[in-house]
1. Taking the conditions exactly as written (surrounded by 14 or more Cβ atoms within 10 Å (Cβ to Cβ) and modelled with pLDDT of 95 or more), does residue 160 satisfy them or not?
2. Mind telling me which of the residues 177, 148, 152, 117 ends up being in the same structural domain as residue 106 (by TED's automatic domain parsing), more than 22 Å from residue 67 (Cα to Cα) and in contact with a helix residue (DSSP H, G or I) (Cβ under 7 Å, 6 or more places away or on another chain)?
3. I need the full set of residues from the stretch 83-112 which are part of a helix (DSSP H, G or I), touching a residue at least 60 places away in the same chain (Cβ under 8 Å) and farther than 18 Å from residue 156 by Cβ, in order please.
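The values are calculated or read from the model by the stated rules, or taken from the named source; none is laboratory data. From a predicted model like this one, the values you see are computed outputs, not experimental measurements. Here the Cβ positions follow ideal geometry from the backbone for every residue, glycine too, while neighbour counts run over all protein chains shown.
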């Protein structure tokens, strides 16, 4: 399974904003972006002219990094989104948002998407009663996501749920904290996604 293995703080610095890829650390003074809010590398603090292509590219890169996707995966979602009814950009974000690892993060089981991806890979969750260890699994309306019985006693999940208690689940997920289960109510909509992504720029980039 291909994944990014380098220092993730460099990604936040390159995009010029926090992507919250390290959970709690991103809210402390240890956050690398907070200490060095400029692009990494020898020319990170230099001025450069941003072209239209550069703006579109950065928006695409930012979206990829929010969801922890590589180029081939992201391009695959775009091609699928372009064949769906509706606006391609919104369809693209909806597909990314419907990934199982993202749903786990949205429910508060993990402090970051990379952590949620790892938890899914380790087989802690079931979908409709069957174990699913594929982070890219797309959840659909009517499906039920459940924390497996043997994982419910782990302090990791109790701590994450307590820490994220003030962060409500999105409207497309109905979460029962007592049963450690959530039902997918619908397809994620643009207004349900709180990420600062201008999806039309991504569509313009791939349409060239």
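1. In short, no.
2. Matching residue, one of 177, 148, 152, 117: 177.
3. 88, 89, 90, 92, 93, 94, 97
Each row is one residue, and each column tells you yes or no for (1) over 23 Å from residue 76 (Cα atoms); (2) in a helix (DSSP H, G or I).
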{"position": "114", "(1), (2)": "no, yes"}
{"position": "135", "(1), (2)": "no, no"}
{"position": "159", "(1), (2)": "yes, yes"}
{"position": "162", "(1), (2)": "yes, yes"}
{"position": "170", "(1), (2)": "yes, no"}
